1. Hey, residue B:106 hits all of (1) more than 22 Å from residue B:202 (Cα to Cα); (2) in contact (Cβ under 8 Å) with a residue 40 or more places away in the chain; (3) not polar (S, T, N, Q) but one; which does it fall short on?
2. Which of the residues belonging to region B:256-271 are of a type in the set (Gly, Ala, Ser) and either under 21 Å from the mean Cα position of the chain (by Cα) or more than 10 Å from chain A (Cβ to nearest Cβ) (or both)?
3. If you scan region A:242-256, which residues turn out to be at pLDDT below 90 and of a type outside the set (A, V, I, L, M)?
4. So residue A:135 clears everything in (1) buried (at least 21 other Cβ atoms within 10 Å of the Cβ); (2) at pLDDT 95 or above except one condition, right? Which one?
5. Between B:144, B:152, B:131, which is in the same structural domain as residue B:247 (by TED's automatic domain parsing) and touching a helix residue (DSSP H, G or I) at 6+ places or on another chain (Cβ under 7 Å)?
6. Which of (1) under 25 Å from residue B:77 (Cβ atoms); (2) surrounded by 20 or more Cβ atoms within 10 Å (Cβ to Cβ); (3) in contact (Cβ under 8 Å) with a residue 60 or more places away in the chain is the odd one out, the single condition residue B:261 does not satisfy?
7. Just one of A:261, A:219, A:232, A:272 is surrounded by 24 or more Cβ atoms within 10 Å (Cβ to Cβ) and either touching a Ser or Thr at 6+ places or on another chain (Cβ under 6 Å) or assigned to a helix (DSSP H, G or I) (or both); which is it?
8. From the list A:99, A:84, A:114, pick out the single residue that is farther than 12 Å from residue A:285 by Cβ and buried (at least 22 other Cβ atoms within 10 Å of the Cβ).
Amino acid sequence: MSDLSGSSRTDTKSQSSMFKTSLALRHFRGRVFYGVCLAGSLVGILLLLVLMNDIRQDGFEYFSRHFFTNYPSRKPEIAGFRGAIMGTLWVMTLVAASAFPIGVGAALYLEEYAKKNRLTSLIQTNISNLAGVPSIVFGILGLQLFVRGTIGYGPAICIGESCGFGRSVMSGALTLTLLILPVVIVASQEAIKSVPPSIREASYGVGATRWQTVSSHVLPQAMPGIMTGMILALSRAIGETAPIIMIGALTFVAFSPETPLDPFTAMPIQVLNWVSRPQAAFHDLAATGIVVLLITLLTMNTLAVVLRIKLGRESAR
Amino acid sequence: MLIEVNPLERRYRQNFRSNIGGHLIGAVLFLCASVTVITTLGIVAILLFEGLSFFKEVSAFEFFTGTKWTPLFTSKGFGVLPLVSGTLLIGIGAALVALPLGTLTAIFLSEYASPRVRSILKPSVEVLSGIPTVVYGYFALTFISPFIKEYIWPDAGPYMAISAIIVVGIMIVPIIASISDDALRAVPKELREAAYAVGANRLEVTTRVAFPAALSGIVASYILAISRAIGETMAVTIAAGARPNLTANPFEAVQTMTAYIVSVSLGDTPHGTIEFKTIFAVGLTLFFMTLIMNLISARITRRYREVYD
């Protein structure tokens, strides 16, 4: 009995030591904590504003028509971004063309076709692990698999004299495709999951096959979400630098690629090239390139938002 | 007789055919999904084949314990420790920047912000992870580094680890903020309301109820973010320099594993040489470091998640 009262006394004691502070002090601490949290969440955004301002200050000196029509040059006054813009356009077109079918196909398999077994959960775990692999490792993969056509063991895949795709647009596009596939698949899966099961059941109920159900009911409903994920994945791919440096996108390219097997440069690579020169004029050129890059990304992200709102409204109708 | 069987048989064949079509589509979709598995196998195979052929010429002991990394010089040193230390310096430093900021952001988003503020703040924070890393590199080299040299550390050269640390830290804030915010919001309202009912204020509810309940998700986000910082390439290549340097001083130039791989591929080292094979050995080390961290993070999320309802 005395034991019990003793323990309850220590309990109240520890309770009271927890709350012995005055109400005013507790209110004060609460307000301080609120302030700290608010400040903490604004630091990143503040730095973002400083970054934007820094680029705005440096980035418009060379912003003119011939920045878009000229190729890079040793003279900053006439250096342009055309090769990089064309290279990025080429690569992104190919990435979109290959990542969309593969990504959506994989998501459809996992959501609509796969049985719930170990193989499926292995594929799913693998996708989330792949999303965490550093992009430069994808670059190493692309360098061996696509540029040289070998995995380092056994013979290379060669057609005539040339092995692999060489240091070409194709190699860059395939490497970036593998890099963004996990993102595309996960986004598509989310979109497919959000299609209500009743729609599938109604379709099966009138005798549709699985593919008819998927292709004419599930996919159209999921499309806004899939497109949004796809655009966000592509905007990640546009900014990726490390993997395409690895596959050897040249940093000085005074031409635009004509075929998928031509060498190329890309916007972030050209920016890197300018940043790594010591002269300040080239740093300003880099800032101008960054302005173009950021405007492209902003446009794509706006498109993704608009698409989501617009298509979402249509499918709800 | 034959006329009566035929329609049935035709229908049977049609069904059979459409079924074959269905199987075919299923197989094609399965191939799409297996691309991701093949990617992983390809990465592991390439890193292992080329990495092992590197370790035939350089002992693994020398590689993992050596303190001199000069594979491109005439007197070659193949000790990876300076690169690992550079990577860890950036990784730990970025964590020191991002962990407090990310956690505070997550707490503010989930516990304090009104839906309106939240709908503006959350996307704004996520913009930080959408900016290409080469842009962060530019900002670090042309703005942060000169600023630090001017006001804080005049002895520094043009390249220094600290400015890479700052931008990489900012870059990974959204990972922590976003995942921790989800974890905090998954804590049921009833727990918070119970604490409010016994007189706790918002600070006490946050630090003694919501935060501990969401801890597994928050820790998982920390590990994921650090793993991302370790794999980050362009900002550290541009801002931290290209000198393998066994140091803990953030005001010196360092080279990370990722930056080393980039520097070799930008140079003209011929393929097949021992110098070139170093990138596979370094890539292998990097791959396993990040893989282990990602697996730990996934395991924490799965095993220690508090399941409510």
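1. Only one criterion in (1) more than 22 Å from residue B:202 (Cα to Cα); (2) in contact (Cβ under 8 Å) with a residue 40 or more places away in the chain; (3) not polar (S, T, N, Q) is unmet by residue B:106, namely (1).
2. Here is the first cut: in region B:256-271, the ones of a type in the set (Gly, Ala, Ser) are B:259, B:263, B:265, B:267.
Correct list: B:259, B:263, B:267.
3. Listed by number, the residues that qualify are A:248, A:251, A:252, A:255, A:256.
4. Going through the list (1) buried (at least 21 other Cβ atoms within 10 Å of the Cβ); (2) at pLDDT 95 or above, residue A:135 breaks only (2).
5. On the way: B:152 fails: touching a helix residue (DSSP H, G or I) at 6+ places or on another chain (Cβ under 7 Å); B:131 fails: touching a helix residue (DSSP H, G or I) at 6+ places or on another chain (Cβ under 7 Å).
That would be B:144, the only listed residue that is in the same structural domain as residue B:247 (by TED's automatic domain parsing) and touching a helix residue (DSSP H, G or I) at 6+ places or on another chain (Cβ under 7 Å).
6. (3) is the only condition that residue B:261 fails.
7. On the way: A:261 fails: surrounded by 24 or more Cβ atoms within 10 Å (Cβ to Cβ); A:219 fails: surrounded by 24 or more Cβ atoms within 10 Å (Cβ to Cβ); A:232 fails: surrounded by 24 or more Cβ atoms within 10 Å (Cβ to Cβ).
A:272 is the lone residue from the list that is surrounded by 24 or more Cβ atoms within 10 Å (Cβ to Cβ) and either touching a Ser or Thr at 6+ places or on another chain (Cβ under 6 Å) or assigned to a helix (DSSP H, G or I) (or both).
8. Numbers: A:84 fails: farther than 12 Å from residue A:285 by Cβ; A:114 fails: buried (at least 22 other Cβ atoms within 10 Å of the Cβ).
After ruling out the rest, the residue left standing is A:99.
The values are calculated or read from the model by the stated rules, or taken from the named source; none is laboratory data. Just so we're clear, the structure is a prediction, and the values are computed from it rather than from any experiment. No Cβ is skipped: glycine too gets one built from the backbone with ideal geometry, and neighbour counts run over all protein chains shown.
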